Amino acid sequence: MSGFFRFKTKHQQKAQIDITSLIDLVFLLVAFFMVTSSMGALSSITVHLPKAVQSAPARSGEMVVSVNEKNEIYINDVKYDVEALQEEFKKRKETLGDNAVIIRGDRKADYEKIVKVMDLLNRAGIPKFTLSTVKSR
């Protein structure tokens with residue numbers, strides 16, 4: 001060896017990264033996405049709901065049936081023909097459990113179409129459903 005010695009100093013500083021603010025930011029983002037994801041779970045189909053004086057707050061259910069102004073029927077944002085509804089309701093009956101089905105009928109939709117959906121739900125063995133409305137001011 002050619003006489004090189006390494007001496008350790010007592011006050012050797014190590015590089016440190018303070019991640020406290022990063023952890024705070026991640027926590028806030030997680031909390032934000034948890035709150036906003038549960039609020040928009042109802043349906044993305046545009047339906048102009050009828051107004052009612054008394055209206056309960058919106059609840060998220062396992063199944064949302066929407067009837068738009070063109071009388072098209074959607075189950076959880078997927079379009080179905082009237083002929084296929086009964087079979088689809090029977091398939092979803094077990095996964096629905098004790099939850100009520102939410103029916104979102106447009107105020108310009110045919111009343112007959114909404115009654116048909118309610119009738120098919122009853123025939124499939126799903127008697128619990130609610131009609132969605134908007135509280136009038």
TODO: Please verify whether segment 63-74 includes one or more residues that are at pLDDT below 85 and of a type outside the set (S, T, N, Q).
DONE: yes
Task: Test for VAL26: is it at pLDDT 85 or above and surrounded by 14 or more Cβ atoms within 10 Å (Cβ to Cβ) - done: no
Open item on the list: Being part of a helix (DSSP H, G or I) and within 19 Å of the chain's Cα centre (by Cα) is the requirement here; does ARG92 meet it?
Closed with: yes
Task: Residues of segment 80-114 classified as surrounded by 12 or more Cβ atoms within 10 Å (Cβ to Cβ) and at positive phi, total - done: 0
TODO: Kindly indicate the residue of segment 109-132 that is charged (D, E, K, R) and not in a helix (DSSP H, G or I) and also nearest to PHE89 (Cα to Cα) among those meeting that condition.
DONE: LYS128
- [ ] Check PHE33, PHE4 and return the single one that is hydrophobic (A, V, I, L, M, F, W, C), at pLDDT 60 or above and farther than 30 Å from ILE75 by Cα.
- [x] PHE4
Open item on the list: For segment 60-79: of the residues being farther than 17 Å from PRO127 by Cβ and of a type in the set (D, E, K, R), which is surrounded by the fewest Cβ atoms within 10 Å (Cβ to Cβ)?
Closed with: LYS70
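The values are calculated or read from the model by the stated rules, or taken from the named source; none is laboratory data. Every value quoted in this text rests on a predicted model; they were computed, and no experiment measured them. Here the Cβ is made from the backbone with ideal geometry for all residues, glycine too, and neighbour counts use every protein chain on show.
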